[in-house]
Each structure stands twice: as structure tokens, then as C-alpha cells.
Amino acid sequence: MMHNLTIAEQIKGLKNREFSSLELTQHYLNRIDDSKLNAFISVTSEQAITQAKMADSILSKGNALSLTGIPYAHKDIFCTKGIKTSAGSKMLDSFISPYDATLTEKLNYQNMVMLGKTNMDEFAMGSSNENSYYGSVKNPWDTKKVPGGSSGGSAAAVASRISPFATGTDTGGSIRQPASLCGITGLKPTYGRISRYGMIAYASSLDQAGPMTRTAEDSAIILNVMAGFDTKDSTSANKSVPDYTQNLSKSMKGLKIGLPKEYFSEGLDKGVEKVVMKAISDYETMGAEVIEVSLPNSIHAIPAYYIVAPCECSSNLSRFDGVRYGFRCDDPRDLNDLYLRSRSEGFGNEVKRRIMIGAYALSAGYYDAYYLKAQKVRKLVSEDFKKVFKEVDVVMGPVSPSAAFDLGSVKDPVSMYLADIYTLSVNLAGLPGMSIPAGFSGNLPVGLQLIGNHWSEELLLNAAHQFQLKTDWHNASPVD
Ligand code: GLN
């Protein structure tokens with residue numbers, strides 16, 4: 001079946017005319033139609049068919065680029081010209097973007113086929129995809145469970161093979177955690193590797209886009225196209241983009257893996273721990289050396305992140321005022337009433353909670369005690385990694401303390417924040433991180449996290465690919 005092919009295989013199939021982009025696209029659109037996971041906010045069938053026909057004509061002329069004709073699902077946080085871009089919020093339910101994000105442009109330039117926009121936690125705030133205005137997404141392995149968040153729609157779409165690849169964004173784990181909970185491969189690159197232009201901002205110093213795919217090889221293929229400097233994003237790195245597919249086959253012999261002792265303490269589910277330890281022993285069998293390391297400040301990552309991220313979000317989300325974009329309340333009495341009611345009615349509870357925390361922590365008198373302090377802790381978290389990467393090449397550990405939990409089961413926001421314990425430090429330090437399928441706890445998938453030094457995406461992809469050559473977890477499927 002076409003939907004069981006990887007992107008690498010679909011590229012070959014298109015080149016050899018085994019199937020057309022239109023056939024491939026129609027196949028996925030039918031699967032989306034039949035899907036009950038609520039993974040998409042918008043399905044753009046008509047545009048997809050036009051793009052697929054265009055791709056077929058380019059393929060037949062022999063002018064194709066590497067990804068021409070490959071369908072994908074786009075997280076609904078990336079602006080798409082002429083198409084609704086909601087960020088999972090009522091605030092932007094009626095927002096039709098007048099321009100494309102740089103990432104959208106890059107995928108369009110390849111003549112890829114966008115199937116639609118995926119569901120997500122409102123403004124990417126969440127770890128379960130239960131904060132979406134458009135309802136929760138279901139985990140394809142067990143529809144009573146969450147898919148993880150905030151890129152839950154993207155993860156569920158790839159896992160259930162209703163899209164071969166999806167874009168995601170990761171501010172504190174939103175690519176890696178849903179990838180882990182849905183059993184797919186998710187890569188959050190180094191901060192600055194992919195342009196943030198046209199990616200609706202949550203916390204600008206942490207936000208980073210990345211690919212969500214089934215395999216590491218596919219992830220490398222996609223990162224080749226996503227990465228690169230952009231003059232429209234002053235925080236994107238002016239650094240050349242290597243061919244990420246070139247070094248996938250290097251041996252793991254001599255690779256030094258750091259295991260942070262803080263990541264294997266109480267709070268980690270036993271089933272998850274078992275899977276992670278087995279995966280690490282597989283690396284030892286491949287010739288890698290495992291060294292215990294310490295990230296002593298990682299316990300402070302949650303409080304530091306949950307100050308820095310809300311501060312940046314309270315500033316970023318001030319633009320939604322009922323005047324310029326999106327939702328406006330009915331019959332405002334005066335300007336204050338317009339602001340107050342548009343924001344009260346347009347934002348969901350979690351977003352409001354974060355705006356309030358951020359506005360409080362940034363206010364005069366509290367700034368030094370909270371924001372400045374959190375920034376200092378952020379520096380300490382970074383320095384822990386700096387020390388560790390003098391000793392080891394890659395850090396490995398769990399992605400999430402448990403496998404997917406029941407929809408509706410985590411009611412208290414702070415308990416939800418605790419789910420981010422192993423992912424947040426990576427964003428605070430701006431490092432690249434990956435989640436790869438490593439096994440199961442019960443009937444639910446569990447990811448292994450790989451964390452590298454800045455700009456070590458090639459090494460992470462290489463290590464992930466080698467693991468996938470030796471194991472079959474990435475091929476496990478919740479659907480036929
Ligand atoms: N769960 C984290 C949060 O709610 C991370 C979200 C993300 O990476 N976008 O902030």
C-alpha cells in the first residue's frame with residue numbers, strides 16, 4: 001500500500017512512474033476522509049489536487065526537485081496564503097493568512113502537495129492537544145489516549161499514515177513528545193536552523209520548527225529542504241546547510257553516549273525506563289560507549305521554562321486585540337470593552353493563564369525576581385550541557401515520563417507541565433533533540449530521546465538511522 005511507503009520510497013515511486021502524485025494525493029485524501037482522529041483543522045483537497053497535477057506535469061518533464069509531488073500535512077501554526085491559519089484558536093478561526101511562512105514557501109518551491117492544516121494545542125501551548133479550540137486529537141494506538149502536544153495532529157497524521165510527513169514546532173517539546181506518544185520520528189533542530197518567519201509566535205527565543213516523519217532517513221530528506229538562513233528572520237542562522245542524508249551510514253563504534261542520572265530517577269514510568277534502557281543497550285551492541293553524566297540544573301528547567309515561555313507569550317499575544325487580526329467581539333461599547341471582550345472570548349483558558357503569568361512576571365517590581373531569575377537559570381541549564389558535551393557526543397534518555405495518558409485525565413495544569421520534564425531543557429539551551437520509536441509499554445509506543453550539541457543534526461540523524469537499521473519499532477503501525 002502506498003501509505004506504508006516511506007518518503008524515500010515514494011520519491012523513487014514517483015520518479016519511476018509507479019504511481020503519480022495525483023494517485024498518491026487522492027489516496028491520502030481518502031484516508032483523511034475516513035480518519036476519526038480529528039488530526040486536521042482544515043483539509044485542502046481542492047488545492048492539493050491542483051498541486052498534485054502540477055507536480056505530475058513537472059515530473060513528466062524531468063524538472064522535478066527532490067520532493068516534488070510528495071504530500072504533507074502542515075501544522076496550523078504556519079501561515080499559508082489564502083488558507084485559514086488558526087493556531088488552534090478561536091482567536092484566529094476566521095484568519096486567512098495574506099502571506100506564506102518561509103517554510104510554506106520552501107515546501108511550495110519543491111512543488112510538494114499540502115493535504116491540509118493539522119490540529120494543535122491553542123497557540124502551541126500544551127502537552128496533550130486537549131487545548132485546541134477544534135477539539136482533542138486522538139492517539140491512533142488507542143483512541144482513548146492523548147496523542148501528545150502541541151503538534152498532536154501532525155503526530156497522529158503521520159502515525160496513522162494519513163500523511164507521509166508533517167511539519168511541527170517545538171517550544172518545549174511539542175515535536176518530540178507527540179512523536180514519542182504516537183511512535184514516530186520527530187526532530188527539533190538547533191534554534192535558528194529553520195526560519196520562524198510566518199510561524200505564529202508562542203515564545204520566540206524557544207520556538208523552532210522541524211520535521212515529523214516515520215524514519216530518520218525521511219527526516220534528513222525533509223530537513224535538507226526546511227533548513228537555512230532567512231533574511232526575514234533575524235534569529236535564523238547564517239550557516240550553510242549540509243546534505244543531511246550524506247552521513248547516515250557512519251558506524252556507531254566509539255560513539256560516546258551520556259546518560260544523565262537525573263533523567264532516570266523517580267517519576268519515570270517503569271515501562272518507559274525499560275524501553276529506554278534496552279534501546280541504549282542496543283547502541284552498546286553497535287559499539288557505542290555509555291557514560292553516566294549529570295545535568296544538575298535540569299530539575300529547575302520546568303520552573304524556568306514556565307516563566308520564560310509565558311513572559312514571551314504575553315508579549316507576542318498582545319497583538320491579538322480585536323482590532324488587527326482575527327476575532328472581534330460583538331457590539332463593543334468602547335475601545336476598552338473591545339479589547340477586553342475580544343481577548344476574553346477569543347482565547348482559551350490555558351492561553352489566558354499563560355498571558356496572566358507572563359504579564360505578572362514581567363511587571364515592574366517582579367521582573368528581577370521572576371524573569372531575570374529564570375533567564376539566569378536558563379544559562380545554568382545551558383552550561384550543564386556545555387560541560388557534558390565536552391565528555392560525550394550525544395545525550396540519551398526518555399522523551400516523556402510516561403506513555404500516552406487518558407484523554408481528560410490530567411486536569412491540573414501544573415501536572416500537565418510536569419510531562420515536559422525531559423524536553424524543556426533542550427529548548428532552554430537551544431540544542432537539537434530527537435525522538436525515535438524505541439519500543440512499547442503495554443500497547444503504547446515509547447520514544448528514545450537523542451540530544452546533541454548545537455548544529456549536530458547530522459550526528460543525531462546518523463545515530464537515529466543506525467538504530468532504525470537494527471530495529472523495527474519505526475515500522476510498527478497502528479493501522480493496516
Ligand atoms: N508543553 C509545552 C508548553 O505547553 C511545550 C509546548 C511546545 O513545545 N509548543 O509550553
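With the Cα gyration tensor of the range 413-479 giving a ≥ b ≥ c as the square roots of its eigenvalues, does the rule (a/c under 1.5 for rounded; else a/b larger than b/c for prolate; else oblate) give rounded, prolate or oblate? Don't jump to the answer; show the numbers that get you there.
Details: a/c = 3.33, a/b = 1.11, b/c = 3.01.
Because a/c hits 1.5 or more and a/b fails to exceed b/c, the range 413-479 counts as oblate.
For the range 191-196, what does the Karplus curve 6.51 cos²θ - 1.76 cosθ + 1.60, with θ = phi - 60°, yield as ³J(HN,Hα) per residue in whole Hz, taken in order and with x for Gly and Pro?
Per-residue couplings from phi come out as 4, x, 6, 10, 4, 9 Hz.
Which aspartates and glutamates have a Cα lying under 12 Å from the Cα of K256, excluding residues fewer than 8 positions away in the same chain?
E284, E289, E292, E391, D393
If each Cα of the range 256-399 is one equal point scatterer, what is log10 of I(q)/I(0) from the Debye formula at q = 0.12, 0.16, 0.21 Å⁻¹?
-0.70, -0.90, -1.17
At 0.36 nm per residue, and after removing the present C-alpha to C-alpha distance, how many nm does the segment from I291 to E383 gain when stretched out fully? All intermediate terms of the calculation are to be shown ahead of the outcome.
Working: separation 92, 0.36 × 92 = 33.12 nm, distance 1.84 nm.
Between I291 and E383, full extension yields an extra 31.3 nm.
Calculate, in nm to one decimal, what N4 and K84 gain on full extension: separation in residues at 0.36 nm each, minus their alpha carbon distance. Write down the numbers at each step before the final one.
Details: separation 80, 0.36 × 80 = 28.80 nm, distance 2.94 nm.
Length gained, N4 through K84: 25.9 nm.
Compare the Cα positions of T25, P413, A304 along the charge dipole of the chain (+1 at Cβ of Lys, Arg; -1 at Cβ of Asp, Glu; about the Cα centre) and return the one farthest towards the positive end.
Ranked along the dipole, the leading option is A304.
Take every Cα pair under 8 Å in the chain that's 6+ residues apart, average their separations, divide by the length, and report that relative contact order as a whole percent. Each step should come with its number before you reach the end.
Numbers: 1148 pairs, mean separation 84.9, N = 480.
Taking the mean separation of contacting Cα pairs over the length of the chain, I get 18 percent.
Give me the percent of the accessible area of the range 1-105 that comes from carbon and sulfur atoms, probe 1.4 Å, all protein chains in place.
Values: 2320 of 4460 Å².
Using a 1.4 Å probe with all protein chains present, the range 1-105 comes out at 52 percent carbon and sulfur.
Would you work out the relative contact order for the range 200-267, in percent, from Cα pairs under 8 angstrom that are 6 or more residues apart?
For the range 200-267, the relative contact order is 20 percent.
I need the phi-derived Karplus couplings for the range 34-48: 6.51 cos²θ - 1.76 cosθ + 1.60, θ = phi - 60°, integer Hz, Gly and Pro marked x.
7, 6, 10, 8, 6, 6, 10, 8, 10, 10, 9, 4, 4, 4, 4
Going highest first, how would you order 426-439, 42-55, 355-368, 114-127 by mean Cβ packing within 10 Å? Could you put the intermediate results ahead of the total?
On the way: 426-439: 26.9, 42-55: 18.5, 355-368: 14.6, 114-127: 29.4.
Listed from highest to lowest mean packing, they are 114-127, 426-439, 42-55, 355-368.
Assigning unit charges at the beta carbon (Lys, Arg +1; Asp, Glu -1) and nothing else, what dipole magnitude in debye, to the nearest 20, does the chain show about its Cα centre?
On the way: 49 positive and 50 negative charges, 92 e Å.
It comes to approximately 440 debye.
In whole Hz, what ³J(HN,Hα) sequence does the range 146-162 give by Karplus (6.51, -1.76, 1.60; θ = phi - 60°), x for Gly and Pro?
Whole-Hz 3J(HN,Hα) from phi for the range 146-162: 6, x, x, x, 8, 7, x, x, 4, 5, 5, 5, 6, 4, 8, 6, 9.
Using the Cα centre as the reference, give the magnitude of the dipole from point charges on the C-beta atoms of the range 307-359 (Lys, Arg: +1; Asp, Glu: -1; all else neutral), rounded to the nearest 20 debye.
Details: 9 positive and 8 negative charges, 30 e Å.
Using only the charged Cβ atoms, the result is roughly 140 debye.
Report, in listed order, any pair from K261/K386; K188/K232; K117/K144; K12/K106; K188/K261; K84/K239 with a Cα-Cα distance greater than 28 Å.
Numbers: K261/K386 16 Å; K188/K232 21 Å; K117/K144 23 Å; K12/K106 21 Å; K188/K261 23 Å; K84/K239 32 Å.
Long pairs (Cα-Cα over 28 Å): K84/K239.
What nm distance separates the two modelled labels at I49 and W455, each placed 7 Å from Cα along Cα→Cβ?
4.7 nm
Considering just Cα atoms, how many Å³ per residue does the convex hull of the chain enclose?
Values: hull volume 65.4 nm³, N = 480.
Looking at the chain, the number lands at 136 Å³ per residue.
Could you tell me what fraction of 2.2 N^0.38 Å the Cα radius of gyration of the range 50-188 comes to, as a two-decimal ratio?
Details: Rg = 15.1 Å, N = 139, 2.2 N^0.38 = 14.3 Å.
That works out to 1.05 for the range 50-188.
What number comes out for the charge environment of K61, summing +1 per Lys or Arg and -1 per Asp or Glu over other residues with Cβ under 15 Å away? Working shown, then result.
Values: positive: K15, R17, K53; negative: D56.
Net charge around K61: +2.
Hey, if you put +1 on the Cβ of every Lys and Arg and -1 on every Asp and Glu Cβ in the range 53-161, which of Q110, M125, S86 ends up farthest toward the positive end of that dipole?
Q110
Given R₀ = 30 Å, what would the calculated FRET efficiency be for E391 paired with D472, taking r from the Cβ atoms and rounding to 0.05? Kindly include the intermediate steps, with their values, before the conclusion.
Details: r = 32 Å, r/R0 = 1.06.
Computed FRET efficiency for E391 and D472 comes out at 0.40.
Leaving ligands, DNA and RNA out of it, report the carbon-plus-sulfur percent of the accessible area of the range 226-291 at a 1.4 Å probe.
Details: 1750 of 3560 Å².
Ligands and nucleic acids excluded, carbon and sulfur reach 49 percent.
Can you work out the accessible area per residue across the chain, with the rest of the protein chains kept in place, probe 1.4 Å, in square angstrom? Walk me through the intermediate numbers first.
Details: 18150 Å² over 480 residues.
Result: 38 Å² per residue.
With a ≥ b ≥ c the root eigenvalues of the C-alpha gyration tensor of the range 199-301, is it rounded (a/c under 1.5), prolate (a/b larger than b/c) or oblate?
Details: a/c = 2.17, a/b = 1.38, b/c = 1.57.
Taking the square roots of the gyration eigenvalues as a ≥ b ≥ c, the range 199-301 is oblate.
Given the peptides 292-300, 312-320, arrange them by the average over their residues of other C-beta atoms within 10 Å, most packed first. Don't skip to the end; give the middle numbers.
Working: 292-300: 17.2, 312-320: 19.3.
Highest-to-lowest ranking by the protection proxy: 312-320, 292-300.
Given contacts defined as C-alpha pairs under 8 Å and at least six residues apart, what's the relative contact order of the range 304-454, whole-number percent?
Reported relative contact order: 23 percent.
The values are calculated or read from the model by the stated rules, or taken from the named source; none is laboratory data. Quantities reported herein were computed from a predicted structural model and do not represent experimental measurements. Cβ: placed from backbone, ideal geometry, glycine included. Neighbour counts: every protein chain shown. For accessibility, only protein heavy atoms count, side chains too; no ligands or nucleic acids. Shrake-Rupley method; radii C 1.70, N 1.55, O 1.52, S 1.80 Å.
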